[in-house]
Every structure is written in structure tokens, then in C-alpha cells.
1. Could you tell me the distance between the Cα centroids of the range 267-288 and the range 1-46, to the nearest Å?
2. Could you state the principal axis extents of the C-alpha atoms in the chain, from the largest down, to the nearest angstrom?
3. How large is the translational diffusion coefficient of the range 274-330 in µm² per second when you combine the Kirkwood radius over alpha carbon pairs with Stokes-Einstein at 20 °C and 1.002 mPa s?
4. Distance cut-off 30 Å, Cα to Cα: go down the list LYS174/LYS312; LYS194/LYS220; LYS124/LYS154; LYS174/LYS300; LYS39/LYS312 and report the pairs above it.
5. Can you give the Rg to Rh ratio of the range 280-377, both from alpha-carbon atoms, with Rh computed by the Kirkwood formula?
6. Can you pull the percent of Cα pairs in the range 213-298 with separation above 14 Å?
7. Where is the GNM fluctuation largest for the chain (alpha-carbon springs, 10 angstrom cutoff): GLN299, GLN105, GLN47?
Amino acid sequence: MYYRGETLDFVNMLLTETTVPLMRARLVFTSNLDIERLKAAVLASAQIVPEIFAHYQGERNRFEVTTQQVDDLVIETQSPYSPENFDFDFSTGPQLRLFVIHHDQYDVLQAFMSHLLTDSVGFKEYLYLLAKAYNNDDLTTLQNERRLRPIITKLQHQRQRPRTHHQLPGTPVKLPHYQGINLRHIGHIMLTSKQFMQVRRIAKAQDVGISEAILAAYAKALQVLTGHTTITLPYPINFRHFTPTDDGTTRIANLTAMVYLNIQVPVDEPFNTLVQHVHALLATERTQAVFLSRLVNLQKMNHTMPVGVMRKFTRRWLAQQPLTYTNFGVIDQQRLQFHGLTVANCVFSGAFQPTPAMEIAASTFAGTCTLSFNSIGSERDYQLGMKILENIQAQLLVWSQTTSTTATAAVANDAH
């Protein structure tokens, strides 16, 4: 059975040609999963998203399902096995792998999903769907909507005519690359619920998004590290925000496109000013809707041109940036409940990027925000990645504390 690929599936294939296009989620349970129940849930979810069993045919931008062997997707292992070194190949294998790692008293579920099939939000949607199936909820009224065309049509009516001039990304900032044995590394750092609550409070008071603040901190960390005062970073635009659906529809699909922000980061500029600068850049991008004109052209090509020709045209403007950012957002604990089990922790992250490329991912679970990266490189490369995460964390904490102190002082002065 063949399932036609969408425009952004093709774009993600091009953007991830140098690395395996996967996303990773790690769920820690307080007890053991029922494996047979999990396998049944996977089969049930495949009634809604059959592409999880498919291999992707890049030359035709389509998914092909030849078999539905659930044991290919659900793999049981014993601790301390680590699935990061598994040989993922979504062109010959399925778009989903679930590793259940048994510990003495509990299980860890590591889920890996193809970015050719869905984006970060769609990955979460699939795990919510899997939880519903595990709970034996009725899925017969659910359908998965992968089409981009209805969203484009609606956006064209909602947005003003996009400008014809496309602002191209600046010269990409490159991180140093250190020699050594290349290994797979997982790096993460956390903002506690108390710390993140303060960051959220300040962001809300200044009417900026959490992702905008994180991106500003990322740009500042890169400026400090490299000395560059113009940092180009991609920012994800999720079209689901523009076109809500009903409760009977899930969207396990690629519905996120990137805009490229050329962020000016003067050495002595206050971080608060930098956050407002990023906010203004994004507001401009959304208003001028450059991403929409590109999508319209891609959508037309996807239905009229051979993939080989489409690839040639797309490469002319498709920017492959070595430094990227992915926001998985808030993980809904109520929707991630598996029958009889408690999820103690859940963290999402992106692909394993060969250094000096780097992808920072943000996800929030139980009020705690985790910043993470997955890399393939030397130990010194890993330490550099951790230094960047620590710098981002420090920028956000100082911002929240300094701004909070200033606001408190202002209130006190007004009282006198």
C-alpha cells in the first residue's frame, strides 16, 4: 500500500540528508509496561497512522507499507542497553521504533520517530494516540489529517499577500570541531519548576514567547563563544496554530516550516533588549508571511513535477543551517497516561547531529523545562555543547531574576 508524501515530508528529506531524520522521546515509568498491551496499542494506532510501518521512498516522495510486523517496531531490551546506536534507516525500515528497556522495578520507553513522517508536535500527538490505544479507548472516530493544501488555502485567506523578496539567511556561524573518537552523546540541562515558573512569569509580563527567549539566549551563547554579532538561527512556525481542528482529528504530519532569523547580537546589549529584538523579527516574519509564498510554490511543484526536478529547484533556496532549534513545547500529562502506570519523567530531543552541527531541543514536562541535544562527535565536542546549554540556562535565569528585581523595586518606589 502506498501513501503519498506531503510537501514538508520532502523538505525534511532534503534538510536531513547528512543525518538520520529522527526524533527521540524518553519516558520513565514507575512500574513495568504490559508488552502485549503495548503491541496491541501499536497495531491499533496503525489503523489511524498506517505510515508508521512504512518505508519512505525519497525518489517518489511516498510511503510504502509492505508488512505490519509489530515486533519490528516494539523491541524489548534489558538495562543498561542503550538504543542510541541502533542503525536507523527510514528508507528501508519503519518510521517508528519503540524500545522498552527493563529495569528491576520499572521500565523506560525510548521512542524514535521519523521526521520524514511528522514534526515535533506530531510526534507528541502520536504518543498521545498510543496512550489512548494502550488504555483501550475508542479510536474509531479518529482520523489523521496529513494534507498541507487545506492549511495553505486557509492561510492564504487569513494572511496578507506575502512579499516577493525573500530575505536569505546570513553566513552561518560555525562551531569549532575537535579531533577525537566520534561517539554518540546525549546532553541535557534542566530548569526546575521553580526556575521555569519565574522565566514564564517574566516572559508573560513582557508579552514574549518562551521559545523567543530561549532562541535569544541561544544566539547570545553563540555570540559569546564565537565573537560573531550576527547569528542566523531557524525558528519553527507551527501551522496548527493558524488552523485548529476538531477533537476527532489528529495531525501526525509535517506541518511546521522554518523561518530564518538574522539576529543582531551587539556585545554590550542587555539580554532583555535581545529578547525584544527576536520577538520583533518573528512578528515581522509572521506578518509578511514569506514562508507562505515558498510553501505555495512547493505545493504546486509537489503535484506537478517529478521529485528529481523538485529537488533541483528546492535546493536553490533551501538553507541547510548547521545550528538549529526545535521546540517540542509542553507535554500534556493528562494525555500521556498509560493505564495503571505513572510517567515519572518525559524528555523529547532531536536527531543525532554530527559535530560541528548542533540542534537544541526544548520540552516541558510537569513544569520542568529540559534543554537537550544529541550529537555525534568527540568528548570535547560534547563538552562544548554542554557549555552552550549552560550559557543558555544562565542567560534565562539572570534575565528572570534581574527583571523580577527591577519590577519589585519599581513597585516599591511607586508605593513611596
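Values in this text are rule-based calculations from the coordinates and carry no lab data. Treat the numbers as computed from the prediction; the structure is a model and nothing was measured.
1. 34
2. 68, 55, 49
3. 154
4. LYS174/LYS300; LYS39/LYS312
5. Radius of gyration over Kirkwood radius for the range 280-377 works out to 1.10.
6. Summing the P(r) of the range 213-298 above 14 Å gives 68 percent of all pairs.
7. Result: GLN105 has the largest fluctuation of those listed.
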